[in-house]
Amino acid sequence: MHQEQRERAEEFLKSKGIERGLFSSPATVRWLTGFAPPIQLGPSVFEGGPALVWYDGGHWTLMVLDSYVPAAGAFGDEPNCQVVSYLGYTIEQSLASTEHLSSLLLHTVAQSQIKSGKLGIEVQSLPVNLWNVLTVDVPHTVERVAIDGWCEPLRMVKTAEELQKLRDNFALTDIGHAAARRAVHIGAREIDVWTAIHSAIEQAAGQRVPMGNDCIVGHRPANIGGSPGDLKIEPNDSVIVDLSTLLHGYWSDSCATYYANELTSKQIEMHRTAEIALQVGMNMIRPGVVAREIDQKLRDLIREAGYPVYPHHSGHGVGVTGHEAPRIVPYSTEVLQAGMVIMLEPGIYFPGETGVRLEDALLVTSDGAEILTHHDKSLPAYE
């Protein structure tokens, strides 16, 4: 599980002369280990801090809350990997999970007998009490190096294992969009549509599946994005459904726009323009293309069609987070490589009136791209 990811990280650390490291970013921990704690209701109140990964010269230790051990167990079966835990909930004593995690980290670091060299640390996600362990209990002869963000470029090209997890997620968003198309009708509320989507996805998955992002009617004053509420779908309304799922610790993304009844001529032209823009962007996806070139092409197309240019990105990567590099934005000089997974999502918006956004996922291949999302984004049959 995630052996290739650890090999990439180890090679990079060695290239920087770093023999040991502590990873605290949830995204990095998921990428290195595959461990994905249940987050439907947020972090456990019994957690003493984030899950941690300690790297020590080829050996990897995952530190988790005791109740998370079953979710982390597969990692412990990998070569040179182990899972250790600390006490969370108990009726035998006062809750002290923060102190227990600190003690576990101290014990793990002490076992490595670190006395010199470089220690890489993801600082930004590390609570102060855990940072104190590394400052007080690690000799001053050890050079501490902040490594926040170092793994992000390594995450851009997906492994075969990651691609399968992403494909599973995109299959769920396809199911969710089919449910959305059925649920959109005059008088239905945004939350009704969202509930239909969520139910269809969880029934297909056979488990709880966290979801994002947007489900909004066109007549909203701010109709680019937002959580579903009790606003009703009105005649000639558009409904943007931007849908992500979180399964296996990985995110999907997707978007389509649905209509309550027969479209206006303006909506038809907007939708067709968004379709053209999406297709143009998809045709550009191949190794060697610079991200900002795609962004510029899509914005120019929307502008030349006579519409206001959307104020958001043209696309982004997905993986252990829902929005990661490479970013398809005006300033990005990132070059596409085979194995990257890219979202493209051009849109057109008239606040308080109507809007459209279409989004697909693409795997960059050796000579082009493979479409990973297959939801129906077409104009309805009653056009």
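The values are calculated or read from the model by the stated rules, or taken from the named source; none is laboratory data. Given the structure is predicted, the values throughout are model-derived calculations rather than measurements. All Cβ positions, even for glycine, are placed from backbone atoms using ideal geometry, and neighbour counts span all protein chains on display. Accessible surface areas use protein heavy atoms only, side chains included; no ligands, DNA or RNA. Shrake-Rupley method; radii C 1.70, N 1.55, O 1.52, S 1.80 Å.
Annotation: residue 151 fulfils all but one of (1) under 16 Å from the mean Cα position of the chain (by Cα); (2) part of a loop (DSSP other than H, G, I, E, B); (3) over 26 Å from residue 49 (Cβ atoms); the unmet one is (3).
Scanning the stretch 304-320 for residues that are open to solvent by 10 Å² or more (accessible area, probe 1.4 Å), in contact with a strand residue (DSSP E or B) (Cβ under 8 Å, 6 or more places away or on another chain) and under 17 Å from residue 255 (Cα atoms) yields 312, 313. Just checking, does the stretch 333-347 include any residue being farther than 28 Å from residue 27 by Cα, buried (at least 17 other Cβ atoms within 10 Å of the Cβ) and not charged (D, E, K, R)? For the stretch 333-347, residues farther than 28 Å from residue 27 by Cα, buried (at least 17 other Cβ atoms within 10 Å of the Cβ) and not charged (D, E, K, R): present. For first residues located in the stretch 161-190 and farther than 18 Å from residue 34 by Cα, partners that are among the polar types (S, T, N, Q) and part of a helix (DSSP H, G or I) and lie 6+ apart or on another chain with Cβ distances below 8 Å form the pairs 179/199.
In the set (1) touching a strand residue (DSSP E or B) at 6+ places or on another chain (Cβ under 7 Å); (2) on the phi > 0 side of the Ramachandran plot; (3) open to solvent by less than 20 Å² (accessible area, probe 1.4 Å), the condition left unmet by residue 81 is number (2). Restricted to the stretch 251-303, and to residues there that are polar (S, T, N, Q) and buried (at least 24 other Cβ atoms within 10 Å of the Cβ), the residue that is nearest to residue 184 (Cα to Cα) is 257. Out of curiosity, is residue 167 assigned to a loop (DSSP other than H, G, I, E, B) and charged (D, E, K, R)? Against the criterion (assigned to a loop (DSSP other than H, G, I, E, B) and charged (D, E, K, R)), residue 167 does not qualify. Taking the conditions (1) part of a strand (DSSP E or B); (2) within 20 Å of residue 77 (Cβ to Cβ); (3) of a type outside the set (Gly, Ala, Ser) in turn, residue 35 satisfies each one other than (1). Taking each residue of the stretch 302-328 that is over 27 Å from residue 353 (Cα atoms) and looking for partners that are open to solvent by 50 Å² or more (accessible area, probe 1.4 Å) and polar (S, T, N, Q) with beta-carbon atoms closer than 8 Å, six or more apart or interchain, yields 322/213. Please name all residue pairs, on different chains or six or more residues apart, with Cβ atoms under 7 Å, provided the first residue is in the stretch 46-73 and is closer than 25 Å to residue 132 by Cα and part of a strand (DSSP E or B) and the second residue is among the acidic types (Asp, Glu) and modelled with pLDDT under 95. Close Cβ pairs (under 7 Å, with a partner that is among the acidic types (Asp, Glu) and modelled with pLDDT under 95) amount to 65/47. What pairs can you find where one residue is in the stretch 129-143 and without any contact (Cβ under 8 Å) to a residue 60 or more places away in the chain, the other is open to solvent by 80 Å² or more (accessible area, probe 1.4 Å) and in a loop (DSSP other than H, G, I, E, B), and their Cβ atoms are less than 8 Å apart, with a gap of 6+ or different chains? Going by the 8 Å Cβ cut-off, the qualifying pairs are 139/115; 141/115; 142/115.
Considering the stretch 348-376, and only residues there that are part of a loop (DSSP other than H, G, I, E, B) and of a type in the set (Ser, Thr, Tyr), the residue that is surrounded by the fewest Cβ atoms within 10 Å (Cβ to Cβ) turns out to be 366. Selection within the stretch 16-38: residues that are small (Gly, Ala, Ser) and farther than 20 Å from residue 123 by Cα. The member of this set that is surrounded by the most Cβ atoms within 10 Å (Cβ to Cβ) is 34. Could you tell me whether residue 253 is of a type in the set (D, E, K, R), closer than 29 Å to residue 234 by Cβ, within 24 Å of the chain's Cα centre (by Cα) and modelled with pLDDT of 95 or more? Judged against the criteria, residue 253 is a match.
Residues of the stretch 7-20 that are among the basic types (Lys, Arg) and in contact with a strand residue (DSSP E or B) (Cβ under 6 Å, 6 or more places away or on another chain): 20 alone.
A quick yes/no check of all residues on (1) modelled with pLDDT of 95 or more; (2) on the phi > 0 side of the Ramachandran plot; (3) under 30 Å from the mean Cα position of the chain (by Cα); (4) open to solvent by 30 Å² or more (accessible area, probe 1.4 Å):
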| position | (1), (2), (3), (4) |
| --- | --- |
| 88 | no, no, yes, no |
| 92 | no, no, no, yes |
| 114 | no, no, no, no |
| 121 | yes, no, yes, no |
| 139 | no, no, no, yes |
| 157 | yes, no, yes, yes |
| 162 | yes, no, yes, no |
| 171 | yes, no, yes, yes |
